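Student: Here it is, the structure, as structure tokens.
The values are calculated or read from the model by the stated rules, or taken from the named source; none is laboratory data. Being a predicted model, the structure only gives us computed values, none of them experimental. Quick reminder, even Gly has a Cβ in these numbers, built from the backbone with ideal geometry, and neighbours come from all protein chains shown.
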Amino acid sequence: MSWIKTIAYEDADERLRLLYDRVSGPDRNVDNIMMSHALRPHSMEGHMGLYKAVLHNAANSLPKWFLETIGVWVSLRNHCQYCVEHHFVGLKRGLRDDAKADAIRAGFEGGAVTLPNLSEAQNAAMIYAAALTDDPAHVDEGLIHAMRRAGLSDGEILEVNQVTAYFAYANRTVLGLGCSLIGDDIVLSPNNSDDPNDWAHR
């Protein structure tokens, strides 16, 4: 599941078990990316708090499927198959159009930066996310202006920034600790956007 020691639910102390209960799905299944934090439960707590705020919060105005699309895009660029597979499921669930979701993934896997089935604003966000992922020191204000011109508000630009930045963190957690998909139930995620403290995977 990962290259470092993890702790099974039955072996967890009270604090870790409470966190596992919060992030688990049916049958106490805990995603490997969360289990990789087992030796430092406070970092699991921080990770989930950030994840919920960035991707699953009702105060976000961009559609959840599009935030998941950014996550898939960034993860593909970072070669993090773990996050690609998990968040492609979220993209499909939110979009409710499997053919479009498959076309988006195929386009990105083929190396496209912009796609004909995304809006001008969405494509501007993808250009920004690619630049921030590939060469963050050379991101300039022109990319912000391009997103504004395409119709994104500054709050929505912040959402794009935060999702891109979160996946840089998540991808490096996975890749740096050798998290695998073995044992994960990738059809589940903490989708209750109205309650930031509800981390349960459903």
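Student: Answer yes or no as to whether ALA150 is closer than 17 Å to VAL163 by Cα and either in contact with an Asp or Glu (Cβ under 6 Å, 6 or more places away or on another chain) or of a type in the set (A, V, I, L, M, F, W, C) (or both).
Tutor: Values: closer than 17 Å to VAL163 by Cα: no; either in contact with an Asp or Glu (Cβ under 6 Å, 6 or more places away or on another chain) or of a type in the set (A, V, I, L, M, F, W, C) (or both): yes.
For ALA150, the condition - closer than 17 Å to VAL163 by Cα and either in contact with an Asp or Glu (Cβ under 6 Å, 6 or more places away or on another chain) or of a type in the set (A, V, I, L, M, F, W, C) (or both) - is not met.
Student: Then there is this: Would you be able to say whether some residue in segment 184-193 is surrounded by 17 or more Cβ atoms within 10 Å (Cβ to Cβ), of a type in the set (A, V, I, L, M), touching a residue at least 40 places away in the same chain (Cβ under 8 Å) and assigned to a helix (DSSP H, G or I)?
Tutor: No: zero hits.
Student: Name the residues in segment 132-160 that are touching a helix residue (DSSP H, G or I) at 6+ places or on another chain (Cβ under 6 Å) and part of a loop (DSSP other than H, G, I, E, B), would you?
Tutor: The answer is VAL139, ALA150, GLY151, LEU152.
Student: Also, quick follow-up: Looking only at segment 126-163, count how many residues are more than 20 Å from CYS80 (Cα to Cα) and among the hydrophobic types (A, V, I, L, M, F, W, C).
Tutor: Total satisfying the criteria: 10.
Student: Let me ask another. For segment 30-69, which residues satisfy the criterion of being without any contact (Cβ under 8 Å) to a residue 60 or more places away in the chain, under 12 Å from GLU159 (Cα atoms) and under 13 Å from the mean Cα position of the chain (by Cα)?
Tutor: Hits for segment 30-69 are PHE66, GLU68.
Student: Have a look at ALA168, ALA103 and point out the one that is part of a helix (DSSP H, G or I) and within 17 Å of PHE66 (Cβ to Cβ). Walk me through it before giving the result.
Tutor: Numbers: ALA168 fails: within 17 Å of PHE66 (Cβ to Cβ).
Going through ALA168, ALA103 in turn, the sole match is ALA103.
Student: If SER153 passes every condition in (1) among the small types (Gly, Ala, Ser); (2) in contact (Cβ under 8 Å) with a residue 60 or more places away in the chain; (3) at positive phi but one, which one does it miss?
Tutor: (3)
Student: Has segment 101-116 got any residue that is surrounded by fewer than 19 Cβ atoms within 10 Å (Cβ to Cβ) and among the β-branched types (Val, Ile, Thr)?
Tutor: Yes, segment 101-116 has at least one match.
Student: So, one more: Applying the selection to segment 161-202, what residues are of a type in the set (Val, Ile, Thr) and at pLDDT 80 or above?
Tutor: Start the filter on segment 161-202 by keeping residues that are of a type in the set (Val, Ile, Thr), which leaves 163-164, 173-174, 182, 186-187.
Passing the criteria: VAL163, THR164, THR173, VAL174, ILE182.
Student: Taking segment 105-143 on its own, how many of its residues are closer than 24 Å to ARG172 by Cβ, β-branched (Val, Ile, Thr) and either modelled with pLDDT of 95 or more or over 19 Å from the mean Cα position of the chain (by Cα) (or both)?
Tutor: 3
Student: Just to check your reading of the model, which residue among SER2, SER75 is farther than 29 Å from LEU158 by Cα, surrounded by 18 or more Cβ atoms within 10 Å (Cβ to Cβ) and of a type outside the set (A, V, I, L, M, F, W, C)? Reasoning before the result, please.
Tutor: Values: SER75 fails: farther than 29 Å from LEU158 by Cα.
Every option except SER2 fails the conditions.
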